[in-house]
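Report on the structure given below.
All of the numbers you see were taken from the coordinates with simple rules; none came from a lab. Every value quoted in this text rests on a predicted model; they were computed, and no experiment measured them. A quick note on method: Cβ atoms are made from the backbone with ideal geometry, for glycine too, and the neighbour counts reach across all protein chains shown.
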């Protein structure tokens, strides 16, 4: 398998777009990513389109990619429509990586797009609830929120992590979001505001939750040769890994966290890059407490020390290992199918030195993206880790 | 890209399974295909799961593959959930081909499964209607049926093809279906019965239409080396091609047919196999008249001669180029997401000499599968051609 470059990226600001559909949101980022890569749309040889819930929200099911690509005049190429809940567009990215790495093609388009706002929150929530095993967890009334809350409580009981530490994660996310023109929420919040915001499921409060949102993100993946035509410093994919839950048991300590830990170890082994080499990380903070345990899963600290990492400010911009400089899912937003590529976009911008007020200095050489999706038998249904380097 | 073998296949009988869900239907064929390939489930390194409409029918969206694979204890591997309307499982097959051909893995599982019966035909039909561009064709009230009927009329006007010839295709399909224990309909029909069955949209009558159905089909793709451990005569993939509509105009002569024609030419060029080398073909007869024009698209005869091919019986079992020996979509059935791999299954069985009463003699060396899906701007949204050989 040959080396693959991320030659172009683009995303919309995440937010509420009642006047825009999948096509309009997507067209903007497809053109943006192609322009960023310096390629013509006609050079695209393969496209993987990630969208998780349009069938249930907009009514467009199955051939969503073709409907979207028609908008920019793209056709006559292989198009796969993929879903993997919150890891949907990381899956599209993974497929494009495979297509270019295998030599099947030289230029591939990975797109993620989601419309969650539809004027009916109940409908949006019902759609989101289909990202679990509807016959098992669904019928038990178990939701993502409940799962994340149970995880957070388990971390508190096992390691003494506090709700205040979890609130600090949210504070950091919103601070970073305030520096990011692409974030849905661009307003700082205080620890007190987080803790006193509406209780959702102990210890999770409203300001610890990723919001409902709309948005799109795209990436152009190319052979390294093609990337070199446009830049002397291509961003390449050191590791592209996707996995699914292993059907163990439903206890966090042995399951969900361990899946990410296993995938991270595999990514580090394959790439020869360790957690100590990372200059910036985007990870899946669907709810702020999760960020603390994912620090541990990724080896950014030892097991049980995630809370201390937050207290010491090490994951802030300016810290030793900045995490979720974009504002994360909590502040940047989380239009499910767009999230993975938006995370990758942030890392590409950081590696290129284009992250504006939230730029990590010195400019990082290596970044990691962890994007989990869905829930089956107490584990992520899908979990993806991408390591990018320059 | 290295050569890839189809080492195992399996399908359920297509039909109405009110007592079985996605899991039960899938488990049967996953175990069947693995057994057929002589591999353990734990050897599967990558899975692509095709299902088009469960989100709208059973309520299970997004992580369908993981929910299904859990049933047989499969996890901890990359799983992609893919959709491409009627070409959904050909897309899953294409992805597995890429995964093995690239050297990413040695053993991949391609699965297609669909539940269309839900006790509410209106719901099934509404779901099927989302496989087009819902904002354009959908709002115009344009359905698949209307599209196929318009195509058929165009063929009649341009080439003098008759409704009787179209009925003969249905007669052939039902005759073949009567020989296939996996077919939804296993009963012969006469030309008179086809012509006098309920008019649907001129010239299409009820017996020319693929029925609503449930079912699953799976294939295990492996490196040729692994295939050789189990057989001295592996079935290999001479060509795997997927494309999308090219956004031309909406007239059949210049658009839909030409897409398949273009893809067939590309497949023949890449594989070095021509239409004259084919011993058996499965093609996308969602409505019987389409079979006639697809003969021409695939180069089985010259443009406009499809009707004559039927009159001469050349595409019957025992003819020079047997087509849809399985009974085709019209008689074998068409559970959308399962159809592509079921077509491939039939070709594998024919190449191996395992097609029972419908076996083509002498046993064919090469077979082709054409599977179209969805409708965007008057063309297939997705179109896949696979050429298999022994």
(message) Nearest 500 deg cm²/dmol is fine: what mean residue ellipticity at 222 nm does chain A get from its DSSP H runs of n ≥ 4 alone, each adding -39,500 (n - 2.57), divided by its residue count?
(response) -11000 deg cm²/dmol
(request) In nm to one decimal, list the spacings between the residue B:154 label point and its equivalents in the other copies, with label points set 7 Å along Cα to Cβ, shortest first. (result) 5.7
(message) Residue by residue through A:129-136, how many Cβ atoms from other chains fall within 10 Å of the Cβ on average?
(response) 6
(message) Distances in nm, one decimal, shortest first, from residue B:319 to the same residue in every other copy, taking the label point 7 angstrom along Cα→Cβ.
(response) 7.0
(message) For peptide A:372-384, what's the mean number of Cβ atoms from other chains within 10 Å of each residue's Cβ?
(response) 4
(request) Please figure out what share of the DSSP beta bridges in region B:258-390 is antiparallel and state it in percent, rounded to the nearest 5. (result) 70 percent
(request) Report the closest approach of any chain B C-beta to the axis of the B-to-A rotation: residue and distance, in whole angstrom. (result) B:102, 1
(message) What are the equivalent ellipsoid semi-axes of region A:331-390, built from the alpha-carbon gyration tensor (square roots of five times its eigenvalues), in whole angstrom, biggest first?
(response) 26, 13, 8
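Just rank A:46, A:144, fewest to most, by other beta-carbon atoms within 10 angstrom. Present the calculation step by step, with values, prior to reporting the outcome.
Details: A:46 23, A:144 20.
Lowest to highest Cβ neighbour count: A:144, A:46.
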(request) With N denoting the number of residues in region A:1-106, provide Rg(C-alpha) divided by 2.2 N^0.38 Å, to two decimal places. (result) 1.06
(message) Could you tell me the relative contact order of region A:239-390? Use alpha-carbon pairs under 8 Å, at least six residues apart, and round to a whole percent.
(response) 35 percent
(request) List, largest first, the extents of the alpha carbons of chain A along their principal axes, each in whole Å. (result) 55, 45, 40
(request) Please provide three numbers in whole Å: the alpha-carbon extents of the protein assembly as shown along the principal axes, with the largest listed first. (result) 82, 48, 46
(message) I'd like the distance separating the alpha-carbon centroids of region A:321-390 and region B:193-219, in whole Å.
(response) 48 Å
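Efficiency by 1/(1 + (r/R0)^6): what FRET value for residue B:164 and residue B:320, r their Cβ-Cβ distance, R0 = 30 Å, to the nearest 0.05? Show your work: numbers first, answer last.
Numbers: r = 21 Å, r/R0 = 0.71.
So the FRET efficiency works out to roughly 0.90.
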(request) Based on a Kirkwood Rh over C-alpha pairs, give the Stokes-Einstein translational diffusion coefficient of region B:260-331 at 4 °C and viscosity 1.567 mPa s in µm²/s. (result) 105 µm²/s
(request) Provide the percentage of antiparallel DSSP beta bridges, counting only those with both residues in the protein assembly as shown; round to the nearest 5. (result) 75 percent
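For chain A, what proportion of DSSP beta bridges, expressed in % and rounded to the nearest 5, is antiparallel?
Among the beta bridges of chain A, antiparallel pairing accounts for roughly 75 percent.
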(message) Between region B:19-75 and region A:149-183, how far is it from one alpha carbon centroid to the other, in angstrom?
(response) 36 Å
(message) Could you tell me the extents of region A:132-240's C-alpha atoms along the three principal axes, largest first, rounded to whole Å?
(response) 53, 39, 31
(message) What is the angle, in °, between the Cα long axis of helix B:288-297 and the longest principal axis of the Cα atoms in chain B? Nearest 10 is fine, range 0 to 90.
(response) 80 degrees
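Counting other C-beta atoms within 10 Å, which of A:86, A:131, A:105 has the fewest, and how do the rest follow?
A:105, A:131, A:86
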(request) Any chance you could give the angle, 0 to 90 degrees and rounded to 10, that helix A:88-101 forms with the longest Cα principal axis of chain A? (result) 40 degrees
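If you take the beta carbon distance between residue A:231 and residue A:1 as r and set R0 to 25 Å, what does 1/(1 + (r/R0)^6) give as a FRET efficiency, to the nearest 0.05? Write down the numbers at each step before the final one.
Numbers: r = 22 Å, r/R0 = 0.88.
E between residue A:231 and residue A:1, to the nearest 0.05, is 0.70.
Over chain B, what is the relative contact order in whole percent, taking alpha-carbon pairs under 8 Å and six or more residues apart?
Details: 960 pairs, mean separation 101.3, N = 390.
Once divided by the residue count of chain B, the mean separation gives 26 percent.
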(message) Between helix A:256-271 and chain A, what is the angle of the helix's C-alpha long axis to the longest principal axis, kept within 0 to 90° and rounded to the nearest 10?
(response) 40 degrees
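Given the Cα-Cα distance of residue B:206 and residue B:18 and 0.36 nm per residue of separation, how much length would full extension add, in nm?
Details: separation 188, 0.36 × 188 = 67.68 nm, distance 2.30 nm.
Extra length available between residue B:206 and residue B:18 comes to 65.4 nm.
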(message) Please list, short to long, the whole-number percent of alpha-carbon pairs of region B:94-139 in consecutive 5 angstrom bins beginning at zero.
(response) 5, 17, 15, 10, 11, 13, 13, 11, 5, 0
(message) Ordered shortest first, which distances in nm separate the 7 Å Cα→C-beta label point of residue B:361 from those of the other copies?
(response) 8.4
(message) With 10 angstrom as the radius, rank B:230, B:174, B:284 by how many other C-beta atoms surround their C-beta, starting from the fewest.
(response) B:230, B:174, B:284
